[in-house]
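Colleague: Okay, handing you the structure first.
The values are calculated or read from the model by the stated rules, or taken from the named source; none is laboratory data. These numbers come from a predicted model, not from an experiment. A quick note on method: Cβ atoms are made from the backbone with ideal geometry, for glycine too, and the neighbour counts reach across all protein chains shown.
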């Protein structure tokens, strides 16, 4: 069933009396036995993929073979939503073989925060060497909730990092903290000179946008070349945003969700608040959205102009169609499997690759019947 952005005008007409023969979804299980897999990254030249398990293992998978955990991966703090969270390859991976990781660490008080760094993958794909930390989320405030954290390089080689609010909502509005923010760095970890708050006293120059709650996905829109973000609301109010330079995305001042108690979110002034940006799409009832991927392959023309987002609570893959900055929800896939979906990526072969967030986590290859 189609579903429109709340408050928007009808963008088109659905001809209910004209049956559409939808192609059947195909699912191939490529791997099981993964320990809460959180992220996947494709290596160039048909060299397989890297898979991150939240518990701290980074593995190589190719042609049905799963490696032992790679050596040289930093020790992670793996509690609740903390652990090894995301992987991104350097835009110059073929030359430098740099693999970027986002993970969590805790301080002596037991409070945790996200960390980003990179190491060099050896030719045998068995270890990372010379791992270097380039950013630590500060202050560390989390007991294991709302950590984020995703990584994405844009077409100019800038690294975007999503950091959750660590369940300390007010800090998402504080420009001297790296909680509840989207960060933008150069690949070496330095701060781009044109970042919006570089010259603002008391603000962190790394910040690109603020007012984010718990970002779960980052993806590059292949048609507009902008970064998009998927984000957990509290109880309801999951969002898709376009994080634009220097903008405030509202949390906790503006939210379409309510507190877990069912009451108003403390500090909230409603769904629409002057000076804050509206999401391009939101769910009043939260599916607990996770990773996201645009679809821009010729393999399955029926998926043209699509966005796919995983769901944890509702345990399905949400298929949306995209027209500029507008989104329509089209269908829910994979719900019959009853598994939490943590990440989805479009593979170089035009199939979707999905990770299920379970103790017996799976790597799935999803397509359509021809």
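Colleague: Would you say residue 355 is under 13 Å from residue 219 (Cβ atoms) and part of a strand (DSSP E or B)?
Modeller: When the stated conditions are applied, residue 355 does not pass them.
Colleague: Then there's this: Modelled with pLDDT of 95 or more and either touching a helix residue (DSSP H, G or I) at 6+ places or on another chain (Cβ under 9 Å) or over 23 Å from residue 224 (Cα atoms) (or both): which single residue out of 185, 178, 159 fits that description? Write out each step before concluding.
Modeller: Working: 185 fails: either touching a helix residue (DSSP H, G or I) at 6+ places or on another chain (Cβ under 9 Å) or over 23 Å from residue 224 (Cα atoms) (or both); 159 fails: either touching a helix residue (DSSP H, G or I) at 6+ places or on another chain (Cβ under 9 Å) or over 23 Å from residue 224 (Cα atoms) (or both).
Just one listed residue meets the conditions, 178.
Colleague: Taking into account only those residues within the range 236-271 that are farther than 19 Å from residue 158 by Cα and assigned to a strand (DSSP E or B), which is modelled with the lowest pLDDT?
Modeller: In the first step, residues of the range 236-271 are kept if they are farther than 19 Å from residue 158 by Cα; the result is 236-240, 248-271.
Checking which are assigned to a strand (DSSP E or B) leaves us with 238-240, 248, 258.
Details: 238: 97, 239: 97, 240: 98, 248: 98, 258: 93.
Looking at the filtered set, the residue picked out is 258.
Colleague: Additional query: Which of the residues that make up the range 198-235 are over 25 Å from residue 84 (Cα atoms) and assigned to a strand (DSSP E or B)?
Modeller: 235
Colleague: While we're on this one: Return yes or no: is residue 45 at pLDDT below 50 and surrounded by fewer than 13 Cβ atoms within 10 Å (Cβ to Cβ)?
Modeller: Numbers: at pLDDT below 50: no; surrounded by fewer than 13 Cβ atoms within 10 Å (Cβ to Cβ): yes.
It is false that residue 45 is at pLDDT below 50 and surrounded by fewer than 13 Cβ atoms within 10 Å (Cβ to Cβ).
Colleague: Out of 75, 68, which single residue is surrounded by fewer than 19 Cβ atoms within 10 Å (Cβ to Cβ) and either modelled with pLDDT under 95 or closer than 19 Å to residue 138 by Cα (or both)?
Modeller: Values: 68 fails: either modelled with pLDDT under 95 or closer than 19 Å to residue 138 by Cα (or both).
Unique residue meeting the criteria: 75.
Colleague: Sort out which residues of the range 286-313 are part of a loop (DSSP other than H, G, I, E, B) and under 18 Å from residue 215 (Cα atoms), and write them in order of number. Give the derivation first.
Modeller: From the range 286-313, those part of a loop (DSSP other than H, G, I, E, B) are 286-288, 296-300, 304-305, 312-313; that's our starting set.
Listed by number, the residues that qualify are 286, 287, 288, 312, 313.
Colleague: If you take the residues of the range 163-184 that are within 18 Å of the chain's Cα centre (by Cα) and over 12 Å from residue 207 (Cβ atoms), which of them is surrounded by the fewest Cβ atoms within 10 Å (Cβ to Cβ)? Full working, then the answer.
Modeller: Restricting attention to the range 163-184, the residues satisfying the condition of being within 18 Å of the chain's Cα centre (by Cα) are 163-167, 172, 178-184.
From what is left, the residues that are over 12 Å from residue 207 (Cβ atoms) are 164-167.
On the way: 164: 29, 165: 29, 166: 28, 167: 18.
My answer is 167.
Colleague: Just to be sure I understand, how many residues within the range 115-154 are closer than 24 Å to residue 228 by Cα, surrounded by 23 or more Cβ atoms within 10 Å (Cβ to Cβ) and modelled with pLDDT under 95? Even if it seems obvious, please write down each step before you answer.
Modeller: Within the range 115-154, the first condition is being closer than 24 Å to residue 228 by Cα, and the residues that meet it are 115-118, 134-138, 145-154.
Those left that are additionally surrounded by 23 or more Cβ atoms within 10 Å (Cβ to Cβ): 116, 118, 137, 146-151.
Right, trim to modelled with pLDDT under 95 and you get 137, 146-149.
The number of residues fulfilling the criteria is 5.
Colleague: Looking at the range 305-321 only, could you name the residues that are farther than 15 Å from residue 239 by Cα and buried (at least 22 other Cβ atoms within 10 Å of the Cβ)?
Modeller: 316, 317
Colleague: Looking at the range 317-327, can you tell me whether even one residue there is within 29 Å of residue 45 (Cβ to Cβ) and modelled with pLDDT of 95 or more? If you could, list the steps in order and put the result at the bottom.
Modeller: Taking the range 317-327 and keeping what is within 29 Å of residue 45 (Cβ to Cβ), we get 317.
Narrowing the set further to residues that are modelled with pLDDT of 95 or more leaves 317.
Yes, the range 317-327 contains at least one residue that is within 29 Å of residue 45 (Cβ to Cβ) and modelled with pLDDT of 95 or more.
Colleague: Within the range 21-35, can one find any residue that is modelled with pLDDT of 95 or more, closer than 28 Å to residue 118 by Cβ and either touching a helix residue (DSSP H, G or I) at 6+ places or on another chain (Cβ under 7 Å) or not in a strand (DSSP E or B) (or both)?
Modeller: Yes, that holds for at least one residue.
Colleague: How many of the residues making up the range 243-260 are over 20 Å from residue 287 (Cβ atoms) and touching a strand residue (DSSP E or B) at 6+ places or on another chain (Cβ under 8 Å)?
Modeller: Summing the residues that are over 20 Å from residue 287 (Cβ atoms) and touching a strand residue (DSSP E or B) at 6+ places or on another chain (Cβ under 8 Å) in the range 243-260 gives 6.
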